[in-house]
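Okay, structure first, notes after.
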Amino acid sequence: MSGGGKIPVTVTEVVRVNELIKRFKFERSDGGLLPTFSGGAHTVVEMQDYGTSRLNPYSLMSDPADTSAYTISVRRDDEGRGGSLFMHRHVRPGMEMSISNPVNLFPLDLRARKHLMIAGGIGITPFMGQIAQLSAISGRFELHYAARNPALAAYASELSARYPRQVHLYFDDYDQRIDLQGLLDGQPLGTHLYVCGPKGMIAWVRNTAEAAGWPREAVHHEEFLAPPSGKPFEVKLAVSNKVIQVGEHQSLLEAIEAAGVDAPYLCRGGCCGQCETDVIDYDGTFLHNDHWLSEEQHAGGKKIMPCVSRFEGKTLVLDR
Amino acid sequence: MAIAFKEETFRDDFTFSNSPEAIRRFPFPFHEDSYMYSVNLEQHVPVRPENTTRSLPDTVFDKTFDVDEHYVAEMKDRELVLAEDPLRCQSLPHMTLAGWDLLELIMTAKAAEYPDLFELHRDGDHWHWINRPLGIEQKFVFMDETTLPYGPMEYITRQTQGDFALLDQRDDNLWMDAGMVTTQADWSLDFDIGMNFFEWHAPVPKAHEMGIFVRALKFLLNIRQGSPARRLNWTLTVNPLLDTSPENYHKWGVQRATLTPENLGQKLHLRVELQTFFRLPRSNALVFPIRCYMISFQDLVTEPKWGRRMHRVIRDLPDELADYKGITRNRELILDWLSHYDDGAPTSPGAWADER
């Protein structure tokens, strides 16, 4: 039930985009077509990292109408838990991998009269699929894309060449900043705002839009949280009657899966709600990192999102 | 397997009936001797009966979109409903893409699963569709509305049994933004269009307090491409009417008063909805097909287990539910009739009929 609809794929291309980003192309190993998807969707890539099974979500950045292949871009995170390093160091053309059916937690609102997109760094990837989808149906969009410098602004030159009037670039090294206030002031009625990028940028865009009176329903964001590392801890799984250890660089969800227990998940980034798990008993402190549970639920000690949240203390018993 | 399509009516002279094969594959909805709401959702995959050794040639769950002996007659009835009331089919402007998604889903599934009845030939965007039972042959350009006689949702749902609600997903909710609804159990697309999941379910008693809808919505929001889900719902209908809409209540509501002990077995029908849910790829919308199966009580009790269980379910149904399903008026009459088919013997677990 959790991993439903896995697709066996072959890596057919690995391209170094810049010093931090590599692009990977997947085609079905059986030669068939991949499912069509909607702009903003992601796939969960399953990696067999020499004994550790990793499942990382990456935005699909190819044209959604092209079902011959999917492409993703992966930014190398030297401080991370290893998924991006595995992709960068070990994934080569010809390798067999497994990916999930596409899932969209950052869809376009098709009622919008105009789509205003704000991207920061690797946050450009979901917009690549959305722009391809919109341009096919002559949808109106405008992209404002900020990166450190031109060398690190993945796909900026391709996008500007293809959509010169719609694409606006900003480089930190040249002290260029998005005039967000001005941008939000000048939009026609019916515009929807989308942001994907670093945590600070998402908060800045959402807060500025809220202060400017934008309706909550017209502001969309996507932020995948990488599961944070932390101290190891022990968990009892009541239903499956197992006691498991969660390692320093392992998420609780990964530890549950490693113990052979099937647990539901979707985004693995703390935002979809699918892995929500009931706490039966605990003695200690929760380290909640998700965007799903409310503050009251975080304080209540009855729920945890095992994909990103951790625990410190003596006892934790879960209904799983 | 060749299907013999029947010529029959769902109005006026009501010539609708089920063949012995159709009775045998009827989706009886009660897996135990009582009924209460639950989030009874499961994956929409072919299942074989679990609690019986009985061999069934096929079930209504085997195909993505089941086609049965009533197909041609049901499509004629839909045409009549639409001619009288075009607002039974509506699509808000942002739902056209979801309509194309649905057209693709149905055409590819039917062509693959019923190759003797349907064919789809695709050359890039140039598609060629053949529907043998309805005698339709259409060449069109996929995603170009100007090449079809109707919008994509209306075009394909005029050729597919069951009602269809297209639900847009946004703001952590589902919105009834398009649909084709001509065989409904007393709800109106024209009234519900644009409503969200909680709004259109507002009239359902008890379930809100039980938290059913909060849990059901969460499940539905997470339905993924390639992993459709399904559930069954049920009510009772006097006369085999497909169109029991609020718009036509003045026509069918009065028919409830025509039930007598003598005609009940023939007139009263168990109406079961096979509801399925699919995530659509381009639009990220959900499609919610609601397929209606009807069986007369006289046919129902030919399966002794179903007769016994139907009696117990109606007897123990909470009053609010009986009211909501429009059973209250005839409840005593129905119970009296059914009691003759309940000898008090225990029933086997699961919904499937017993081996005989």
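The values are calculated or read from the model by the stated rules, or taken from the named source; none is laboratory data. In this text, all values refer to a predicted model and were calculated from it rather than measured experimentally. As a convention, Cβ positions derive from the backbone with ideal geometry for all residues, glycine included, and neighbour counts pool all protein chains shown.
What to note about this one:
- Here B:Arg132 meets the list (1) in contact (Cβ under 8 Å) with a residue 12 or more places away in the chain; (2) in contact with a helix residue (DSSP H, G or I) (Cβ under 8 Å, 6 or more places away or on another chain) almost entirely, failing just condition (2).
- Selection status of A:Arg111, charged (D, E, K, R) and assigned to a helix (DSSP H, G or I): no
- Long-range neighbours under 6 Å by Cβ, at least six apart or interchain, first residue over 18 Å from A:His115 (Cβ atoms) within the range A:146-172, second modelled with pLDDT of 95 or more and in a strand (DSSP E or B): A:Asn149/A:Phe171; A:Ala153/A:Ala147; A:Ala154/A:Ile21; A:Ala156/A:Leu169; A:Tyr170/A:Ala146
- Residue within the range B:315-322 that is assigned to a loop (DSSP other than H, G, I, E, B) and not aromatic (Phe, Trp, Tyr) present: yes
- Test result for A:Pro57, surrounded by 16 or more Cβ atoms within 10 Å (Cβ to Cβ), assigned to a loop (DSSP other than H, G, I, E, B) and within 14 Å of chain B (Cβ to nearest Cβ): no
- Answer residue from the range A:1-12, given it is in contact with a Gly (Cβ under 9 Å, 6 or more places away or on another chain) and in a strand (DSSP E or B) and is nearest to the other protein chains (Cβ to nearest Cβ) among those: A:Ile7
- Criterion (within 13 Å of chain B (Cβ to nearest Cβ) and either within 30 Å of A:Gln181 (Cα to Cα) or assigned to a strand (DSSP E or B) (or both)) met by exactly one of A:Thr71, A:Thr43, A:Thr36, A:Thr67: A:Thr43
- A:Pro93 fulfils the conditions (1) touching a residue at least 24 places away in the same chain (Cβ under 8 Å); (2) more than 27 Å from A:Gly32 (Cα to Cα); (3) away from chain B (no Cβ under 14 Å) except for a single criterion, (2).
- From the options B:Tyr249, B:Tyr341, B:Tyr293, residue that is hydroxyl-bearing (Ser, Thr, Tyr) and assigned to a helix (DSSP H, G or I): B:Tyr249
- Of all the listed residues (A:Thr36, A:Thr67), the sole one being closer than 28 Å to B:Leu286 by Cβ, at pLDDT below 95 and more than 20 Å from the chain's Cα centre (by Cα) is A:Thr67.
- Criterion violated by A:Gly80 - all others in (1) closer than 27 Å to A:Ala259 by Cα; (2) within 14 Å of chain B (Cβ to nearest Cβ); (3) assigned to a loop (DSSP other than H, G, I, E, B) satisfied: (2)
- Applying a threshold of 6 Å to beta carbon distances and a minimum spacing of six or more residues, or different chains, the list of pairs starting in the range B:246-269 at a residue that is aromatic (Phe, Trp, Tyr) and ending at one that is not in a loop (DSSP other than H, G, I, E, B) reads B:Trp252/B:Thr244.
- Cβ pairs under 6 Å, 6+ apart, first in the range B:1-30 and polar (S, T, N, Q), second assigned to a helix (DSSP H, G or I): B:Asn18/B:Asp299
- Taken over the range A:67-89, the criterion of being farther than 12 Å from A:Lys22 by Cβ and surrounded by fewer than 15 Cβ atoms within 10 Å (Cβ to Cβ) is satisfied by A:Ser68, A:Asp78, A:Glu79.
- Filter result for A:Tyr265 (in contact with a strand residue (DSSP E or B) (Cβ under 9 Å, 6 or more places away or on another chain) and crowded, with 20+ Cβ neighbours inside 10 Å): yes
- Filter result for the condition that a residue is of a type outside the set (A, V, I, L, M, F, W, C), part of a loop (DSSP other than H, G, I, E, B) and modelled with pLDDT of 90 or more, over B:Asp58, B:Asp66: B:Asp66
- Those residues of the range A:262-293 which are modelled with pLDDT of 85 or more, within 21 Å of A:His221 (Cβ to Cβ) and not hydrophobic (A, V, I, L, M, F, W, C), in sequence order: A:Glu276, A:His288, A:Asn289, A:Asp290
- Condition met for B:Val301 (surrounded by 15 or more Cβ atoms within 10 Å (Cβ to Cβ) and in contact with a strand residue (DSSP E or B) (Cβ under 6 Å, 6 or more places away or on another chain)): no
- Failed condition for B:Glu332, given (1) buried (at least 17 other Cβ atoms within 10 Å of the Cβ); (2) in a helix (DSSP H, G or I): (1)
- A residue that is farther than 30 Å from A:Asp109 by Cβ, of a type in the set (A, V, I, L, M, F, W, C) and either within 14 Å of chain B (Cβ to nearest Cβ) or over 18 Å from the mean Cα position of the chain (by Cα) (or both) occurs somewhere in the range A:13-21.
- Where a residue in the range B:69-98 is within 14 Å of chain A (Cβ to nearest Cβ) and its partner, wherever it lies, is crowded, with 19+ Cβ neighbours inside 10 Å and of a type in the set (Lys, Arg), with Cβ under 6 Å and at least six apart: B:Leu97/B:Arg282
- Filter result for B:Ser283 (of a type in the set (S, T, N, Q), on the phi < 0 side of the Ramachandran plot and within 14 Å of chain A (Cβ to nearest Cβ)): yes
- In this structure, A:Cys271 does not qualify as within 20 Å of A:Ser53 (Cβ to Cβ) and not hydroxyl-bearing (Ser, Thr, Tyr).
- Restricting the range A:135-152 to residues that are in a helix (DSSP H, G or I) and over 12 Å from A:Gln166 (Cα atoms), the residue that is nearest to the other protein chains (Cβ to nearest Cβ): A:Ala136
- Single residue of the range A:37-54 satisfying the filter (in contact with a Gly (Cβ under 9 Å, 6 or more places away or on another chain) and among the polar types (S, T, N, Q)) that is surrounded by the fewest Cβ atoms within 10 Å (Cβ to Cβ): A:Thr52
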